[in-house]
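What follows is one structure encoded as structure tokens, with my remarks underneath.
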Amino acid sequence: MTDRLSIVVVVLALGFGVGVRTFRLDGVPPGFHWDEACVGYDAYSILKTGRDHHGHFLPLNEEGFNDYRRPLLTYSLIPLIEVLGLNVTTVRLGAALWGISDLVAITTLAGLMLGWPGAAAAAVFAAVSPWHLSFSRVALQGGSGAAIISIATLFFWLWLKSRRSIWLYLSAFVFGLSLYSFTIADAFTPLFLAFLALLYWREFRDAGGQSLRAAALFVLLAIPLAASFVMYPAQMNARFDWLSILTPGGCFGCTTTPLSVRLATSAAGFVGYFTPSFLFVHGDLGDHWTLIHVPGFGQLLPEQAPLIALALFALVAGRRRKTALFLLGWTVLATLPAAVIRPLGANSAEPGKLLPTAWMVFDPSTATLPVTPWLIFSHPDSRHAVLAMVPWILLSALGFVTLLELTSSRRALRIALCAALAAGTLFHAARFIRSYFIDYPVLAAPYFQYGWKQVMEHLGPRGDPAQRVVITKRGPEPYIYVLFFGHYPPERFQTEPVVSIGRSSSGGVAAFNVYAFDRYVFVMPDSAYRGMEHGTFVFAGADPIPVPPTISIKYPDGTVAYNIVSK
């Protein structure tokens, strides 16, 4: 494969990758995930007031829904919202720009490691990757976390190639920023840096003072986060304590489960992330609250499987052993944190169902499966392992270059294998892209809380607080959609009385399980309808309604998402 042809492939792949990451952002995925709404509204709130919607001034640790998250994605959205306004497209454009940055970083990194043929392979597999595309189109922290790690690693490799100190300092700086991008980076980044120090110890030793100054820069950036863990351990560890398989109490019954069983469960989870089913066949099965991945497709394309096998061959033969070891180590270390976190698909898993029922229509009384090592093994979560996404792509590129090298003396065989690989990649990529933009929006609508935009459009701008609007509590955090789609003034929300389950206050208390603010009340509307003389009532489609609705909001498949009743 000539350099000229490789350059053409890189340009075409990157152009296509940009296109599919920015096309119809407001409609695919359909609706808007509550975490996306939270990130977007917090960016809007900081832009307008300098505080997030909980009232925290320029937070380094962003309070979400009873947990704390990293704020890099939120801050990166502020300029876009200032220019383009607060809407679904703007928020997801921020995610798309992170994904596009990652595409460029992956391609450049592959070029440094493997030359132009490797860059071409990486560009193609990244551009059409089911895993990468899905995270480039939703404003969740995993996509920006993966991108920032790729950029930091790219700077590190630029230093390895040039030995110019600026690249090492930039790498240390961006690795420091990665701690503020994604909570899983708290565990991954230190492990990855230790791995780099071990693998490239001679290079660091020869750099002398450069290495020490770069390490000091990283530590300096890590200090605020470390201080937060010391000062607020309960808040900072809340989500991990809830989801961790190893922490007592973290996985529904772990307090009575022996440590040996918890370790076995974690080991089963780790192995699950390397199965052909997850990587090449079924992928992430989803959960009751989220369906990021298109059902029926692996996280990677099937053509990447033989290439990854060839990349592993490079560990024992050829001149790219260190590169192969680097990529394999990156993959393993990115999977380790995921292995100790309970996949969300294992929560209330339904027996005999491959696709979980969306929470909006799920019956909580349904019998569900207990958390076992087999359940954890069979439900790997692409969000928890998203930092492994890039090294899998780069291993595929290494396998492609290895294939070219192994067939260098057999031109006809090389052409035949490359043609078969290209045809298969185009076929499976086309199937995935078609399904993502045509079939997936119909299926994913209830998982992304489709209908809130239409509900808020019908309710109209803020009116008389005495005219109550009662909104169903079925589904997660409905208050955040009122704030986001209603463009609710952040300074007002931070200072007015806000009532939440278990507590209320008159300022900065936007807590988990918001019960009421302004004219909005968040309860099950059937009992409120019976007890109130006047009001507007928003019922979920699965809720029984007392009278015919004023308007029905429907999912793309025609079933009812929400009914609005006036009285």
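The values are calculated or read from the model by the stated rules, or taken from the named source; none is laboratory data. Predicted, not measured: the structure shown is a model, and the values here were computed from it. Methodologically, a virtual Cβ is constructed for each residue, glycine included, from the backbone with ideal geometry; neighbour enumeration extends over all protein chains shown. The accessibility values were calculated without ligands, DNA or RNA, using every heavy atom of the protein model including side chains. Shrake-Rupley method; radii C 1.70, N 1.55, O 1.52, S 1.80 Å.
Worth a mention:
- Only residues that are in a loop (DSSP other than H, G, I, E, B) and open to solvent by less than 10 Å² (accessible area, probe 1.4 Å) were counted in segment 293-336, giving 7.
- Here Phe65 meets the list (1) part of a loop (DSSP other than H, G, I, E, B); (2) free of Cβ contacts under 8 Å to residues at least 40 places away in the same chain almost entirely, failing just condition (2).
- Filtering segment 271-292 to residues that are among the charged types (D, E, K, R) and open to solvent by less than 10 Å² (accessible area, probe 1.4 Å) leaves only Asp287.
- Where a residue in segment 156-179 is at negative phi and its partner, wherever it lies, is assigned to a loop (DSSP other than H, G, I, E, B) and hydroxyl-bearing (Ser, Thr, Tyr), with Cβ under 8 Å and at least six apart: Leu160/Tyr200
- Selection count, segment 369-409, where residues are of a type in the set (Phe, Trp, Tyr), within 29 Å of Leu154 (Cα to Cα) and either touching a Ser or Thr at 6+ places or on another chain (Cβ under 9 Å) or at pLDDT below 95 (or both): 1
- Count of segment 82-110 residues which are free of Cβ contacts under 8 Å to residues at least 60 places away in the same chain and surrounded by fewer than 21 Cβ atoms within 10 Å (Cβ to Cβ): 7
- One residue from Ala349, Ala385 being in contact (Cβ under 8 Å) with a residue 40 or more places away in the chain and open to solvent by less than 20 Å² (accessible area, probe 1.4 Å): Ala385
- Some residue of segment 451-473 being open to solvent by 40 Å² or more (accessible area, probe 1.4 Å), at pLDDT 95 or above and touching a helix residue (DSSP H, G or I) at 6+ places or on another chain (Cβ under 8 Å): yes
- Number of positions in segment 366-382 that are farther than 19 Å from Phe135 by Cβ, open to solvent by less than 40 Å² (accessible area, probe 1.4 Å) and touching an Asp or Glu at 6+ places or on another chain (Cβ under 8 Å): 0
- Within segment 255-304, the set of residues being β-branched (Val, Ile, Thr) and within 20 Å of Val128 (Cβ to Cβ) comprises Val281, Ile292, Val294.
- Among residues of segment 299-317 that are closer than 18 Å to Phe427 by Cβ and free of Cβ contacts under 8 Å to residues at least 40 places away in the same chain, none has a Cβ under 9 angstrom from a residue that is open to solvent by less than 40 Å² (accessible area, probe 1.4 Å) and acidic (Asp, Glu) at a sequence gap of 6+ or on a separate chain.
- For Leu73, the stated conditions hold: it is at pLDDT 95 or above, more than 30 Å from Ala422 (Cβ to Cβ), crowded, with 20+ Cβ neighbours inside 10 Å and under 15 Å from the mean Cα position of the chain (by Cα).
- Filter result for Thr153 (closer than 26 Å to Gln299 by Cβ, assigned to a helix (DSSP H, G or I) and open to solvent by 10 Å² or more (accessible area, probe 1.4 Å)): no
- Every pair of residues 6+ apart whose Cβ atoms lie under 6 Å, when the first sits in segment 433-450 and is touching a residue at least 24 places away in the same chain (Cβ under 8 Å) and over 20 Å from Val128 (Cα atoms) while the second is surrounded by fewer than 20 Cβ atoms within 10 Å (Cβ to Cβ) and of a type outside the set (Ser, Thr, Tyr): Val442/Pro556; Val442/Asp557; Ala445/Pro556
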